1. Output the number of the condition that Gln160 fails; it satisfies all remaining conditions of (1) part of a loop (DSSP other than H, G, I, E, B); (2) under 24 Å from Asp35 (Cβ atoms); (3) open to solvent by 80 Å² or more (accessible area, probe 1.4 Å).
2. Answer yes if at least one residue in region 123-138 is under 30 Å from Asn94 (Cβ atoms), among the small types (Gly, Ala, Ser) and over 15 Å from the mean Cα position of the chain (by Cα), and no otherwise.
3. Output the number of the condition that Thr203 fails; it satisfies all remaining conditions of (1) touching a Pro at 6+ places or on another chain (Cβ under 7 Å); (2) in a loop (DSSP other than H, G, I, E, B).
4. For Leu119, which of the numbered conditions (1) open to solvent by 30 Å² or more (accessible area, probe 1.4 Å); (2) in a helix (DSSP H, G or I); (3) in contact with a helix residue (DSSP H, G or I) (Cβ under 6 Å, 6 or more places away or on another chain) fails to hold?
5. Which condition number does Gly178 fail, the rest of (1) touching a strand residue (DSSP E or B) at 6+ places or on another chain (Cβ under 6 Å); (2) open to solvent by less than 20 Å² (accessible area, probe 1.4 Å); (3) over 19 Å from Val22 (Cα atoms) being met?
6. Considering only residues that are in contact with a helix residue (DSSP H, G or I) (Cβ under 6 Å, 6 or more places away or on another chain), more than 16 Å from Gln111 (Cβ to Cβ) and not aliphatic (A, V, I, L, M), look in region 23-44 and name the one that is surrounded by the most Cβ atoms within 10 Å (Cβ to Cβ).
7. Is there a residue in region 194-211 that is in contact (Cβ under 8 Å) with a residue 40 or more places away in the chain and open to solvent by 30 Å² or more (accessible area, probe 1.4 Å)?
8. Within region 45-62, restricting attention to residues that are over 18 Å from the mean Cα position of the chain (by Cα) and of a type in the set (Ser, Thr, Tyr), which residue is least open to solvent (accessible area, probe 1.4 Å)?
Amino acid sequence: MDLYLQKMKDFEIAKEEVIRPVVALTWYLKQLNFDQEIYVAGSTTIKKELSDAGFKVAYDEVSPVCEGNVPNLLKLLSDLRPDVKAVYIDFGFNIDFMILQKCIAYIMKNQALFIVGMLDPVVFFSEFHLIGAKKFAKIIEEITGVEPKLMSKGGKEFAQVLKDNLGPFDAKRTLFIGDSCVTDMPFATENGFQKLMPLTGLTREEDLKNWKFDERIKPDYVVDNVGDLSTIIANLDLNKL
């Protein structure tokens, strides 16, 4: 959160105005009156935020190496915490085989809720392409047969949580900004938002000219970059609105 606020300091945005997947997760769990343990496949920051919000997080010790010893692996997977009733997976650097197996075991044996945060297949940092949580979530979904509840763009649970916690707002007068034809535009269309697409991310001008997606999700507005929006707003005649 501190990193986000530092990047947006010139916009005078308060912490409470930045709605990330883990924030939506806390809202969602509180609406369910959830009071059991959560197994988190993600960063220590996410675990701390959930703990700070009053939830019980199932912390794992560092998993021993089980290579070449299947009986030992099965023994470890059988040693599950009975109070874990939710599994949450998000972007993280330390998600390994054992963590994924435990996610699967908790969902199948404990009937734990399966919840996913950021569902990007790839996360771009500088020149590096990092594996996003979508790949891991797909593995869990295919093995368990359980579709995850999504706490980010594209999820109906996420959309409902926003509406429930941000108070009533007019969707038709809400401008949704996103650069993806796969997640952003369908989400905005489904929820009745107006759609603005900057051409500095996943979608390029040639993609708009050679449109291969559902016509209903086409953006209402297109700008070269988000910075153009400030120029447009500055030139608005508010007396005519």
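The values are calculated or read from the model by the stated rules, or taken from the named source; none is laboratory data. Computed from a predicted model, the values in this text were never measured in an experiment. For neighbour counting, all protein chains shown are included, and Cβ atoms are generated from backbone atoms with ideal geometry for every residue, glycine included. In case anyone asks, the SASA skips ligands and DNA or RNA and just uses the protein heavy atoms, side chains included. Shrake-Rupley method; radii C 1.70, N 1.55, O 1.52, S 1.80 Å.
1. Status for Gln160: all satisfied but (1).
2. Yes.
3. (1)
4. Only one criterion in (1) open to solvent by 30 Å² or more (accessible area, probe 1.4 Å); (2) in a helix (DSSP H, G or I); (3) in contact with a helix residue (DSSP H, G or I) (Cβ under 6 Å, 6 or more places away or on another chain) is unmet by Leu119, namely (2).
5. Only one criterion in (1) touching a strand residue (DSSP E or B) at 6+ places or on another chain (Cβ under 6 Å); (2) open to solvent by less than 20 Å² (accessible area, probe 1.4 Å); (3) over 19 Å from Val22 (Cα atoms) is unmet by Gly178, namely (1).
6. Tyr28
7. No, because not a single residue in region 194-211 is in contact (Cβ under 8 Å) with a residue 40 or more places away in the chain and open to solvent by 30 Å² or more (accessible area, probe 1.4 Å).
8. Out of the qualifying residues, it is Ser51.
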